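Encoded as structure tokens, the structure appears first; notes follow it.
The values are calculated or read from the model by the stated rules, or taken from the named source; none is laboratory data. Since we're looking at a predicted model, the values are computed, not measured. All Cβ positions, even for glycine, are placed from backbone atoms using ideal geometry, and neighbour counts span all protein chains on display.
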Amino acid sequence: MENPKLKKMAEEWLEEATITQIQEKFAQGELTSKELVLMYLDRIAKYDKHLHSILEVNPDALQIAEALDNERNEKGPRSRLHGIPILLKDNIDTHDKMHTSAGSLALKDSIALHDSFVTEQLRRAGAVILGKANMTEWANFMAIGMKSGYSSRGGQVLNPYGPSKFDVGGSSSGSGAAVAANFATVAVGTETSGSILNPACQNSLVGIKPTVGLISRRGIIPIAHSQDTAGPMARTVEDAAILLTALSGSDKKDPITTTNPFAQKDFSNHLLTHGLSGKRIGIALEGFIELLSEEKQKVILAAVDKLKTTGAIVIDNIEIPSAKAAWKYDVLTYEFKPDLNAYLNSLHPLIPIRNITDLIDFNKNNEEKMLEYGQAVLIESEETSGSLTEAAYVNALEFDLYHSKNQGIDFALETSNLEVIVFPSEEGSHISAKAGYPSIAVPAGYTAEGEPVGITFAGTAYSEPLLIEVAYAFEQMTKFRKAPILEKE
């Protein structure tokens, strides 16, 4: 950078800067949002060609930031997100000059006709939508064996902690890698089953997968209405809680949000350093921890030992009857077709992809670019009726709800009189996802080789305040996160 002030700040201060630290600089007149955007753009230009985490930058980002600077000077900030640059996963609609494609070349020219609810909330809070993050194509609901972070539009997202060694996690892989690499202050990911929690664990981040209903799904390219939700990805629990506050709300166009009791809640009120004290926390290992490498298991067990020194009441080896249930993704297979068809049919009339059949045909006609991993999952969903009348769908939905709630999260909480459940890494995320329940992933350390490891705190519906208290206390006690060392262009 030519500007000596910005060059010094970029080199000595910007990395790992939090929302609170940035707002302090704004308030003291030491930094503007426009300058902050410039510094992030500089980092993206220097480092992201190795990581492929960003699909595109908002052409208006600098001018939006400048307008928000003027507004701050005249009226004061709208919220703690005023002037804060945020990245959105590429399945979240923005009615601006950027595209929304779910990582697919099939939608590379699609510009949303309307902002998503998430985008509306962020704009209302005064955030700067900095750009769109790469992702696993169609949120990894396209093919069997597709690598996390791969998309036909953006290529392969790599993990900033070890681009040639470590899985970046999916499908909010670009959001995870970009925030870990300090290309934006925070990002929004989406999850159907593990797609926020997994990349959060793999990139030493905090990821919040909210209760289905806390955040409207309007304007988000779907997989399945039973499980889809957006959520924050950040470097600290505090930043994640601030972002969650802005995202949460009620939306008449998404009826499940009428169950949200926190539409006006400030989740940062639950950032308590003593948040673990007296909490009854159950450790779920059997059926989960054996799925991790031995190195990761060691890190998890060490983190559990730390928990036992916090004043929390820790109950080892809790029982979750459905831990080894015959889980399938049948509900997603059946819901994907009607949900995706409805989204595609709402696009600009000039976009030729109007349904899943069109998508499959496009991929076949552009096989070399589109079918690196095939499209078996798309074809499987297309073969359903799309009416959600099949007995197989209803039976699968009832199975998932019963085993994830009655024989899953709620069973464990009630039987052992628990408030929170701890899962190793993101293992167990499928149970919370099928129940529609919230989880928070927090950094838990690193393997000897330097691969990030996280743990997940999970609870019942709308237990986000409790989970934030526990996650924040654990984070403040351990402070495991450290920034990756990036390779320059």
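Looking at (1) surrounded by fewer than 24 Cβ atoms within 10 Å (Cβ to Cβ); (2) assigned to a loop (DSSP other than H, G, I, E, B), which is the one condition that is false for residue 214?
(1)
I'd like to verify a number: residues in region 369-426 that are assigned to a helix (DSSP H, G or I) and of a type in the set (S, T, N, Q), how many?
6
From the list 230, 240, 200, pick out the single residue that is in a strand (DSSP E or B) and within 12 Å of the chain's Cα centre (by Cα).
After ruling out the rest, the residue left standing is 230.
Is there a residue in region 345-352 that is among the polar types (S, T, N, Q), assigned to a helix (DSSP H, G or I) and farther than 25 Å from residue 413 by Cβ?
yes
Scan region 104-123 residue by residue and report those that are within 21 Å of the chain's Cα centre (by Cα) and within 13 Å of residue 359 (Cα to Cα).
The one that is within 21 Å of the chain's Cα centre (by Cα) and within 13 Å of residue 359 (Cα to Cα): 104.
Answer with yes or no whether residue 126 is small (Gly, Ala, Ser), under 22 Å from the mean Cα position of the chain (by Cα) and crowded, with 22+ Cβ neighbours inside 10 Å.
no
Examine region 1-9 for a residue that is within 25 Å of residue 210 (Cβ to Cβ), acidic (Asp, Glu) and at pLDDT 95 or above, and state whether such a residue exists.
no
Checking the condition under 27 Å from residue 244 (Cα atoms), loosely packed, with under 14 Cβ neighbours inside 10 Å and touching a residue at least 40 places away in the same chain (Cβ under 8 Å), which residue from 16, 56, 71, 24 passes?
From the options 16, 56, 71, 24, the qualifying one is 16.
Of the residues 107, 113, which single one is within 30 Å of residue 250 (Cβ to Cβ) and either crowded, with 23+ Cβ neighbours inside 10 Å or β-branched (Val, Ile, Thr) (or both)?
Just a single option satisfies the conditions, and that option is 107.
If you scan region 427-451, which residues turn out to be assigned to a strand (DSSP E or B), over 17 Å from residue 211 (Cβ atoms) and among the small types (Gly, Ala, Ser)?
Those that are assigned to a strand (DSSP E or B), over 17 Å from residue 211 (Cβ atoms) and among the small types (Gly, Ala, Ser): 444, 445.
Go through 469, 383, 390 for me and flag whichever is modelled with pLDDT of 95 or more and under 21 Å from residue 140 (Cα atoms).
383
Exactly one of these conditions fails for residue 463: (1) surrounded by 20 or more Cβ atoms within 10 Å (Cβ to Cβ); (2) of a type in the set (S, T, N, Q); (3) touching a strand residue (DSSP E or B) at 6+ places or on another chain (Cβ under 7 Å). Give me its number.
The single condition residue 463 does not satisfy is (3).
Take residues that are within 27 Å of residue 136 (Cα to Cα) and tell me which of the helices (runs of 4 or more DSSP H) falling wholly in region 1-85 contain 1 or more.
So the answer is 33-47, 61-75.
Pull out all pairs, ordered by first then second residue, where Cβ-Cβ is under 6 Å, the residues are six or more apart or on different chains, the first lies in region 183-202 and is buried (at least 24 other Cβ atoms within 10 Å of the Cβ), and the second is at pLDDT 95 or above and among the basic types (Lys, Arg).
Qualifying pairs under 6 Å: 183/43; 189/89; 190/89; 191/209; 196/209; 197/209.
Restricting to region 137-178, name every residue that is among the hydroxyl-bearing types (Ser, Thr, Tyr), buried (at least 24 other Cβ atoms within 10 Å of the Cβ), over 12 Å from the mean Cα position of the chain (by Cα) and assigned to a loop (DSSP other than H, G, I, E, B).
161
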